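Worksheet: the structure to be examined is printed underneath.
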Amino acid sequence: MEPFTTLTAVAVPLMRDNIDTDAIIPSREIRSVSKKGLADGLFAGWRYLAIGGRDPDPGFILNDAALKNARILVAGENFGCGSSREHAVWALAEYGFRAIVTPSFNPIFRNNCLANGVLPVILDRAVVEPIARGLGAAPGSFLTVDLEEQELRDEVGGRWRFDIDTEEKQALLSGLDPIARTLQQSSAIASFRDRDAQARPWAYSSIGRS
Amino acid sequence: MGRTIFDKIWDGHAIGGPSDDADLLLIDRILLHERTGGVALKSLSARDIPVSAPDHVFAVMDHIVDTFPGRTSKTLMPTGTEFIETTRAGAQAAGIRLFDLDSPDQGIVHVMSPELGIVLPGTTLICPDSHTCSQGALGALAWGIGSTEAEHALATSTLKVQRPRRMRITISGRLGPGVTAKDLALALLGRFGVGGGAGHIVEYAGSAVEALDIEQRLTLCNMATEFAAFSAIIAPDTATIDYLKGRRFVPAGGDWNRAVEDWLALSSDPDAEFDTELSFDASGVAPMVTWGTTPQQVVAIDGAVPAADDAGQTGAESRERALRYMGLEPGTPLESLAIDAAFIGSCTNSRIGDLRRAAEILDGRKVAPGVKAICVPGSSTVKRRAEEEGLHRIFQRAGFEWRESGCSMCFFAGGESFGPQDRVVSSTNRNFESRQGPGTRTHLASPETVAASALAGHIADPRKLAA
């Protein structure tokens, strides 16, 4: 996982509420058993003129030439609701997005962001809306997301502090693999499990095959 | 201080004890399906990381497989075969039990798991699928995750999880005749909004919940993900024990007795504290139908597309978009809307009780001309049982297609979808734009409402047809 420290990049405002993972990547765009090859399908239903086609819809914001290198997405409430498909985050990340700013996330989507080094930034609606309006008025504007300082900044002096759990922050900053970290505790897990199997034999006996 | 049922399960699974930060939880059961599970197995295997406890993992084909009779690994979905074969090979290599296409136990993962007794009260269960919350209906802590977290759970039998806040929704009264858990779930979304459960594990309690059978409880808990909740849970009771008894993967002998003792003791203490308490009266709930593109955009079936903002939960732009997408004007009565298709299926509403109640409405009647009507049983077991009871004949005589089990047209499973601008009344859980097909207009409702609407050719109140 690529560590996340500070990112200064073009930001896209997409202030619809309840943007679901079917909208982020439709089922029909998930074509292979892979975490790659998904960027073209990102927002396919909105981004292209025809279903399955690749002719850009000029009315969709991501097709604005000024936003070509966008890496920060600013979106409405309950972002990433719906299906747990991690393909939504894989598609966003492959397209280039490394941070998403919204008043609220779907919980599974948020965890999927963390698992892929994409920083979920939660700020009040009263903060996000004016930021989005500013970006809409000056397409191609930059935002800076500073994870160490837990701060979002715009180009004209705006600064907003955001919260993130300490452990999640460390994991993003370090980019360390969570499986490798947990496997270091293998013996603690095994002894917990042994004790648990004594206390709750019923949770083990019915599925054993030996 | 007293603890909630959630706290008891959580604390009992926290390796190293509960903390103020994220906890490392022991995971008792892992479920996988071919869309999001195959990629997890493939990714682990590419890194040479073994599955830590394969006996605790169960895989099934439901999301990509099609639902046509005589189906094979070659589905309509281009590249669908790759998902099926990768999952099959991954499960075999890891020694994981797989309910494959031809297994008599195959089914939608959240139908199959309770049916086989894989989910048990007091256990932790995860699946890379958002509707895993359904299984909280049996008193388990069951929640949906992504594929990367599934890899972590497969590799370590644990997950690092932030403790959610605790919410209790106490539902008093009792659902009226012809009104189901689906209508209740939709009514709750209409009242509290799709963000209403954000950050919380929701315990459903109260007389209306206790009165629900296990299948209806599964339907209620199913839509907790639409509520933005971490998950939902219902305390196990004698109905839970009766439901589980004798199922394939439940404990036997002395272990069963000990389990029952543990399960019946599992409930929130009288002095347990919840971070949020809501209450709701079930008595006034009517059959509910969504009009928009988020499940909170819902009204009683005798209502109209609302003129005002729906409970203030949807921004003006989203609301305008929804009206445009659905081809609707404010003030239009729902029952005046002609439909192109009717769909009964999905992890929300495809169990035997759902099919029985729909069949009761369809019995001796015919689907309106021009309406495409499809019934997809939730599992191969449900299908067999329905056929033993002759329900398939009722569906078929009425003009419904009778399919093999799977997720089917809840979305794009099997490569099938409805057409652009098709108006579909559907027993599924999501009315998102293009969820059931590009440009398809979905109205969510109970199986009874779907059946009544299929007969009428427009959205119709099942209570008017009840015998």
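Details
- Of all the residues in the range B:13-41, those that are in a helix (DSSP H, G or I) and surrounded by fewer than 19 Cβ atoms within 10 Å (Cβ to Cβ) number 0.
- Test: residue in the range B:320-336 that is part of a loop (DSSP other than H, G, I, E, B), buried (at least 18 other Cβ atoms within 10 Å of the Cβ) and at pLDDT 95 or above: yes
- Cβ pairs under 7 Å, 6+ apart, first in the range B:84-97 and more than 10 Å from chain A (Cβ to nearest Cβ) and under 14 Å from B:His33 (Cα atoms), second of a type in the set (S, T, N, Q) and outside any helix (DSSP H, G or I): none
- For the residues A:Ala44, A:Ala23, the requirement of being surrounded by 18 or more Cβ atoms within 10 Å (Cβ to Cβ), more than 29 Å from A:Ala171 (Cβ to Cβ), within 11 Å of another protein chain (Cβ to nearest Cβ) and of a type in the set (A, V, I, L, M) singles out A:Ala44.
- Residue in the range A:1-44 that is farthest from B:Asp129 (Cα to Cα), counting only those that are at pLDDT 95 or above and part of a helix (DSSP H, G or I): A:Asp40
- When we screen A:Leu135, A:Leu152, A:Leu62, A:Leu114 for residues that are over 10 Å from the mean Cα position of the chain (by Cα), without any contact (Cβ under 8 Å) to a residue 60 or more places away in the chain and part of a helix (DSSP H, G or I), the only hit is A:Leu62.
- When the range A:26-36 is limited to residues that are farther than 25 Å from B:Thr294 by Cβ and touching a residue at least 24 places away in the same chain (Cβ under 8 Å), the one that is surrounded by the fewest Cβ atoms within 10 Å (Cβ to Cβ) turns out to be A:Lys36.
- Checking B:Thr4, B:Thr79, B:Thr75 one by one, the residue that is more than 8 Å from chain A (Cβ to nearest Cβ) and either surrounded by fewer than 19 Cβ atoms within 10 Å (Cβ to Cβ) or farther than 26 Å from B:Ile201 by Cα (or both) is B:Thr75 and no other.
- Scanning the range B:115-124 for residues that are touching a helix residue (DSSP H, G or I) at 6+ places or on another chain (Cβ under 6 Å) and more than 9 Å from chain A (Cβ to nearest Cβ) yields B:Glu115, B:Val119, B:Pro121, B:Thr124.
- The requirement of being free of Cβ contacts under 8 Å to residues at least 60 places away in the same chain and either in the same structural domain as A:Ala137 (by TED's automatic domain parsing) or under 26 Å from B:Leu32 (Cβ atoms) (or both) is not satisfied by A:Leu14.
- Hits in the range A:105-116 (condition: buried (at least 24 other Cβ atoms within 10 Å of the Cβ) and polar (S, T, N, Q)): A:Asn106, A:Asn111, A:Asn112
- Among the residues of the range B:139-159, those that are out of contact with any Cys (no Cβ under 9 Å at 6 or more places or on another chain) and either more than 7 Å from chain A (Cβ to nearest Cβ) or over 25 Å from A:Gly117 (Cα atoms) (or both) comprise B:Gly139, B:Ala140, B:Leu141, B:Ala153, B:Leu154, B:Leu159.
- Test: residue in the range B:193-206 that is of a type outside the set (Phe, Trp, Tyr), under 14 Å from the mean Cα position of the chain (by Cα), buried (at least 24 other Cβ atoms within 10 Å of the Cβ) and under 30 Å from A:Gly117 (Cα atoms): no
- The residues of the range A:155-168 that are surrounded by fewer than 15 Cβ atoms within 10 Å (Cβ to Cβ) and not in a strand (DSSP E or B), listed by number, are A:Glu155, A:Val156, A:Gly157, A:Gly158, A:Asp163, A:Asp165, A:Thr166, A:Glu167.
- Counting the residues of the range A:11-45 that are out of contact with any strand residue (DSSP E or B) (no Cβ under 6 Å at 6 or more places or on another chain) and within 22 Å of A:Leu143 (Cβ to Cβ) gives 7.
- Residue satisfying all of: in the range A:170-185; more than 11 Å from every other protein chain (Cβ to nearest Cβ) and part of a helix (DSSP H, G or I); surrounded by the most Cβ atoms within 10 Å (Cβ to Cβ) among these: A:Leu172
- From the list A:Leu143, A:Leu73, the one residue that fits, being touching a residue at least 12 places away in the same chain (Cβ under 8 Å), farther than 27 Å from B:Ser147 by Cα and in contact with a strand residue (DSSP E or B) (Cβ under 7 Å, 6 or more places away or on another chain), is A:Leu143.
- Checking each residue of the range B:305-326 against the condition of being more than 14 Å from every other protein chain (Cβ to nearest Cβ), out of contact with any helix residue (DSSP H, G or I) (no Cβ under 9 Å at 6 or more places or on another chain) and β-branched (Val, Ile, Thr) gives no match.
- Breaking point among (1) out of contact with any helix residue (DSSP H, G or I) (no Cβ under 6 Å at 6 or more places or on another chain); (2) among the β-branched types (Val, Ile, Thr); (3) crowded, with 24+ Cβ neighbours inside 10 Å; (4) away from chain A (no Cβ under 13 Å), for B:Val109: (4)
- Single condition B:Lys182 does not satisfy, out of (1) outside any loop (DSSP other than H, G, I, E, B); (2) within 12 Å of chain A (Cβ to nearest Cβ): (2)
- Within the range B:354-373, the set of residues being assigned to a loop (DSSP other than H, G, I, E, B), on the phi < 0 side of the Ramachandran plot and not hydrophobic (A, V, I, L, M, F, W, C) comprises B:Asp363, B:Arg365, B:Lys366, B:Pro369.
- Selection count where residues are at the interface with another protein chain (Cβ under 8 Å from one of its Cβ atoms) and either within 27 Å of the chain's Cα centre (by Cα) or buried (at least 19 other Cβ atoms within 10 Å of the Cβ) (or both), scope the range B:42-52: 2
- Test: residue in the range B:265-283 that is in contact with a Pro (Cβ under 8 Å, 6 or more places away or on another chain) and crowded, with 24+ Cβ neighbours inside 10 Å: no
- Evaluation of A:Glu94 against (1) part of a helix (DSSP H, G or I); (2) of a type outside the set (Lys, Arg); (3) farther than 29 Å from B:Thr36 by Cβ (one fails), failing number: (3)
- Filtering the range A:57-79 to residues that are within 13 Å of another protein chain (Cβ to nearest Cβ) and either at positive phi or touching a Gly at 6+ places or on another chain (Cβ under 7 Å) (or both) leaves A:Gly76, A:Glu77, A:Asn78.
- Selection within the range A:144-178 - in contact with a Gly (Cβ under 9 Å, 6 or more places away or on another chain), over 28 Å from B:Leu159 (Cα atoms) and among the hydrophobic types (A, V, I, L, M, F, W, C): A:Leu152, A:Val156
- Filter result (more than 9 Å from every other protein chain (Cβ to nearest Cβ) and part of a loop (DSSP other than H, G, I, E, B)) within the range A:191-206: none
The values are calculated or read from the model by the stated rules, or taken from the named source; none is laboratory data. Keep in mind the model is a prediction, meaning the values are calculated, not measured. Here Cβ is always computed from backbone atoms with ideal geometry, including for glycine, and neighbour counts include all displayed protein chains.
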